[in-house]
1. Going by the alpha-carbon gyration tensor, a ≥ b ≥ c the square roots of its eigenvalues, is region 225-289 rounded (a/c under 1.5) or, if a/c is not under 1.5, prolate (a/b greater than b/c) versus oblate?
2. Please work out how much length the chain gains when fully extended from LYS281 to ARG120, using 0.36 nm per residue of separation minus the C-alpha to C-alpha distance, in nm with one decimal.
3. Over region 220-290, with the other protein chains present, what is the accessible area per residue in square angstrom, probe 1.4 angstrom?
4. For region 175-286, how big is Rg over Rh, using alpha carbon atoms and the Kirkwood form of Rh?
5. Which FRET efficiency value, to the nearest 0.05, do you get for GLU254 and HIS303 by plugging their Cβ-Cβ distance into 1/(1 + (r/R0)^6) with R0 = 25 Å?
Amino acid sequence: DLSGVTMQEWDALPEVGDRTWKQRQKRNERFTPVPDTLLEKARADTQQFTSIDENKGTDTPLDDLTQIGEARKTHLALQLRGASDSVTGQTVVDPKGYLTGLGSIKVSSETEIGDIKKARLLLKSVTSTNPKHPPGWIAAARLEEVAGKLGTARKLIAQGCKECPLSEDVWLEAARLNTPDVAKGILAQAVKSIPTSVKIWLYASGLERGNLKAQKRVLRRGLEFVPNSERLWKAAIELEEPDDARVMLSRAVECCPDNTEMWLALAQLETYENARKVLNKARETIPRDPAIWITAAELEEAHM
């Protein structure tokens, strides 16, 4: 009988509500455990390393070294990825840019050592599948040089010289990696394979620096094979005394008649009468060069 229920008992009654929906929600909830690998990755992403500043004596936060290592590895992988298409002799890797980049690598951590190992495997694949591709041998040798294995680098580039005897870059790299005395022998073999390579003759001349007679001999020998090389003529003439330089310039303007600089240099070494003859011949050879006309006019003005 509800007529006997007091007001306090009515207030104590619980509120009426739909409890079935809440119970159904609880039954539908599902929890999936997080994999350990995801937790490890989250920990690595937020991990920071610290070092002690000797001056201040406090912890100084550094950048996330894990991310730096990953970025370095990704960058090197992108540079070397194009090497896999070298079987046809073509590569999307810029050889000059990549070879230059190798010089900036410093092996100082386990991550970088791992990168060197990966690069070594890739370059070994390049030289094995396409041994006639010079940049592959040069890159492989420079990688070993960076890794501190100079002997291995020399062996690799020596093999490259055998496989690519017509590549002056491979010969020059072999000379660079060896001592001057050994390099002279290497370049002596190089000029037998590529006697018209101006770069090789100039490099060989540079190895004789300090021995003027040997330098002249090398450059003159080079001019026998490449008589129309302006660079060889200029290098040879710079080593000569005025009288010998005049003789060489007379021959140089015959081999390189379009070189204004050598015509003017020859005129300066000649007497007035001979200089006039030289400039007249130069004007006949290069009639549209204003420097020759101006020099001829100044010569006449000086002897009026």
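1. Since a/c reaches 1.5 but b/c is at least a/b, the shape of region 225-289 is classed as oblate.
2. Numbers: separation 161, 0.36 × 161 = 57.96 nm, distance 5.90 nm.
Additional length available on full extension: 52.1 nm.
3. On the way: 4220 Å² over 71 residues.
On a per-residue basis, 59 Å².
4. On the way: Rg = 15.9 Å, Rh = 15.0 Å.
Taking Rh as the inverse mean 1/r over Cα pairs, Rg/Rh reads 1.06.
5. Details: r = 26 Å, r/R0 = 1.06.
The value I calculate is 0.40.
The values are calculated or read from the model by the stated rules, or taken from the named source; none is laboratory data. Values in this document were obtained by computation on a predicted structure and should not be read as measured data. So basically every Cβ, Gly included, is an ideal-geometry build from the backbone, and we count neighbours across all protein chains shown. Side chains are part of the model used for accessible areas, which takes the heavy atoms of the whole protein and leaves out ligands, DNA and RNA. Shrake-Rupley method; radii C 1.70, N 1.55, O 1.52, S 1.80 Å.
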